[in-house]
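Coordinate-derived values only; no laboratory data. All figures in this text were calculated on a predicted structure; none of them were measured in a lab. Ideal geometry is used to build each Cβ from the backbone, glycine not excepted, and the neighbour counts take in all protein chains shown.
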Amino acid sequence: MTNVRPSQQMRDLGVVQEGAAILTTPARPFDLPTERGEAERIVDELFAALNRIGQVHPFAKGMGIAAPQIGIGRAAAVVQPPGDASAIILLNPRITACVEESDMQYEGCLSFFDVRGLVPRPLEITVETTTLAGETVATVYEHGLARLIHHEIDHLDGLLYTAQMKAGVGPIPVEEYRQTGRSWVYDSA
């Protein structure tokens, strides 16, 4: 049996890989409720992608995917928290507040799944999103969920987690990461 690299596996599942311009281009926001149908279609595509990926790779600490990662340059992402919690749909999300307290944890990204990077993130963020009806809603997220959501919002801003890493620190191969015994978060990101 051939050993397929994690990044190739994600590519085969329809995840856009690092180097594609769409991953470094800010996503276009929705005009809601006018573009409700388009937003619903893209959210359905994101859920389908999460389903495909989840069938071949376990994500015990949650996962997420942003529209640019499936080739759609719109401001939509879906985050599946760990356990039985309901998925979180992010439309036009933006972080409006962060606490100063942060931690450093390894993150992985479906768009370059062969490596993991140690990324500092705030322990609490406030995020504004737009509902399908066009209303703005603010929600506070903490700890691991804040990390997952921040990672996906970065994707919508055209940033990969490597942009958040400390200067001089780069990602490590997934094989080396597995030997660290550290906890981490996948996302997509």
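Quick rundown of the values:
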item: Residue among ILE172, VAL137, ALA66 farthest towards the positive dipole end of the chain, charges placed on Cβ; result: ILE172
item: Square roots of 5 times each gyration tensor eigenvalue, C-alpha, region 57-126, largest first, Å; result: 19, 18, 14
item: Value of relative contact order over the chain, rounded to a whole percent, pairs C-alpha under 8 Å and six or more apart; result: 27 percent
item: Region 142-181 shape via C-alpha gyration tensor axes, a/c threshold 1.5; result: oblate
item: Longest exposed-site-free window of the chain, the sites being trypsin sites (Lys or Arg not before Pro) in a DSSP loop that have at most 12 other C-beta atoms within 10 Å; result: 1-165
item: Inter-label distance, nm, simple model (7 Å from Cα along the C-beta direction), ASN51/CYS98; result: 3.5 nm
item: Quarter of Cα convex hull surface for region 1-96, i.e. mean projection, nm²; result: 7.5 nm²
item: With Cα atoms, 0 to 90° folded angle of helix 143-156 axis to the chain main axis; result: 70 degrees
item: Net length gained if the chain between GLU128 and ASP31 were fully extended (0.36 nm per residue, minus Cα distance); result: 33.4 nm
item: Rg [Å, one decimal], Dmax [Å, integer] - the chain, C-alpha atoms; result: 15.7, 51
item: Contact order normalised by residue count of region 32-122, Cα under 8 Å, 6+ apart, percent; result: 19 percent
item: Cβ-placed point charges (K, R +1; D, E -1), dipole of the chain about Cα centre in debye, nearest 20; result: 460 debye
item: Degrees separating the helix 36-56 axis from the principal Cα axis of the chain, which is the longest one; result: 20 degrees
item: Descending semi-axes in whole angstrom, ellipsoid equivalent of region 19-66, from the Cα gyration tensor; result: 24, 16, 9
item: Under DSSP loop assignment and at most 12 Cβ neighbours within 10 Å, longest GluC sites (Glu not before Pro)-free interval of the chain; result: 1-99
